[in-house]
Amino acid sequence: MPINFAIIGAGRIANVHAGAIRGNPDARLVAVADALPAAAAAFADRWGCIARDLGEIAADPDVAAVLICTPTDTHADLIETFGRAGKHVFCEKPVDLDVGRAHEVVAAAEAAGAKLMLGFNRRFDPHFRAVRDAIDAGRIGAVEMVTITSRDPAAPDLAYVARSGGIFRDMTIHDLDMARFLLGEDPVSVSAHASVLVEPEIGKLGDFDSVTVILETASGKQAAISNSRRATYGYDQRIEVHGSKGVVAAENQRPVSIEVGDAEGYHRPPLLNFFMNRYTASYAAEIASFVDCIVRDRAPDPSGTDGVEALRLAEACVRSVAEKRRVALSEIA
């Protein structure tokens, strides 16, 4: 019998996840809630579910799981509400903007017996997953250095920036999780540098648009992350892992993988230019994984704890920039 799901939030990513649920024979979307009634009604009409309020969804024993697709500053309260109601929870990153609060709600969900999965969709990207598989198969030997490049085509809306929690908690956090995923060992120190090179108004909001992060593990493994809110050539998403026996890399993706040579040289199609089409497969795969962890009663991966650890790294980045020094993870409680 399919698992009944509710989606909290009716925006862009909620519609993506609704499509993934519709395509999964083990899942059924039955309800949606949104702060804007008109948005909830339009979503319900599109996906054939019912618009309800949060209290009704939390109290309904027929709803087994929820997907939280709301603004960042609402995540913690919603995880707490639905976790304590006995619902399994999938939540978009981050858990919260405060590490202490994030730890509290993750612990509360676990104490209630609720499965909690964080939306680090890049772990499910088939190209990045293939890199991890090559590492696990021993093809490059012991991991020594990881390089992650993640650059957006353009800066986000300033209203979004003001509510996002800053580039480290909003954008870099994906790469911090990917670094943990590929290193196979948790970082113990962070050194971060940040500038405003793209949009001056971002700086006026107290945020940055261009950052570089270096992570180091106890054994000396390193990960370097490059982030920018501007890439005039497309959505730049690359990783490379160097090991004791070789290297494995995932290149940028294009609509088609062709190369044309003529008198003017070699030419390739432009990069995919939006995260929604670059990571289409990963969004579907992560929801399939969440459904499977409920069906098979297994632990979700990435877990709420993974969300807390990525947030700790993001907080260390913030502190490193503010204090212009390397920050030990042990300083972030």
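See the values below:
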read-out: Condition check for Ile140: farther than 24 Å from Ile202 by Cβ, over 19 Å from the mean Cα position of the chain (by Cα) and buried (at least 20 other Cβ atoms within 10 Å of the Cβ); value: no
read-out: Qualifying positions in the range 257-285 - exposed (fewer than 11 other Cβ atoms within 10 Å of the Cβ) and β-branched (Val, Ile, Thr); value: Ile258, Val260
read-out: Residue list for the range 1-20, filter: in contact (Cβ under 8 Å) with a residue 12 or more places away in the chain, of a type in the set (A, V, I, L, M) and under 12 Å from Ala64 (Cβ atoms); value: Ile3, Ala6
read-out: Some residue of the range 222-241 being on the phi > 0 side of the Ramachandran plot, surrounded by 12 or more Cβ atoms within 10 Å (Cβ to Cβ) and not in a strand (DSSP E or B); value: yes
read-out: Helices (runs of 4 or more DSSP H) enclosed by the range 94-210 - at least 3 residues per element that are touching a Pro at 6+ places or on another chain (Cβ under 6 Å); value: none
read-out: Residues of the range 13-28 satisfying the condition of being among the charged types (D, E, K, R) and farther than 14 Å from Phe43 by Cα; value: Asp26, Arg28
read-out: So Ala281, is it in contact with a helix residue (DSSP H, G or I) (Cβ under 8 Å, 6 or more places away or on another chain) and closer than 25 Å to Ala154 by Cβ; value: yes
read-out: Residues that are assigned to a helix (DSSP H, G or I) and either on the phi > 0 side of the Ramachandran plot or among the polar types (S, T, N, Q) (or both), drawn from the range 309-333; value: Ser320, Ser330
read-out: Set Asp306, Asp297, Asp301: member being loosely packed, with under 12 Cβ neighbours inside 10 Å and either assigned to a loop (DSSP other than H, G, I, E, B) or touching a residue at least 24 places away in the same chain (Cβ under 8 Å) (or both); value: Asp297
read-out: Flag if Arg254 is part of a loop (DSSP other than H, G, I, E, B), surrounded by fewer than 18 Cβ atoms within 10 Å (Cβ to Cβ) and modelled with pLDDT of 95 or more; value: no
read-out: Which listed residue, of Asp177, Asp170, Asp96, is touching a residue at least 12 places away in the same chain (Cβ under 8 Å) and in contact with a Phe, Trp or Tyr (Cβ under 6 Å, 6 or more places away or on another chain); value: Asp177
read-out: Filter result for the condition that a residue is out of contact with any Phe, Trp or Tyr (no Cβ under 9 Å at 6 or more places or on another chain) and in the same structural domain as Ser257 (by TED's automatic domain parsing), over Arg319, Arg278, Arg296; value: Arg319
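The values are calculated or read from the model by the stated rules, or taken from the named source; none is laboratory data. None of the values given here were measured: they were computed from a predicted structure. Glycine gets a Cβ as well: all are built from the backbone with ideal geometry, and neighbour counts include every protein chain shown.
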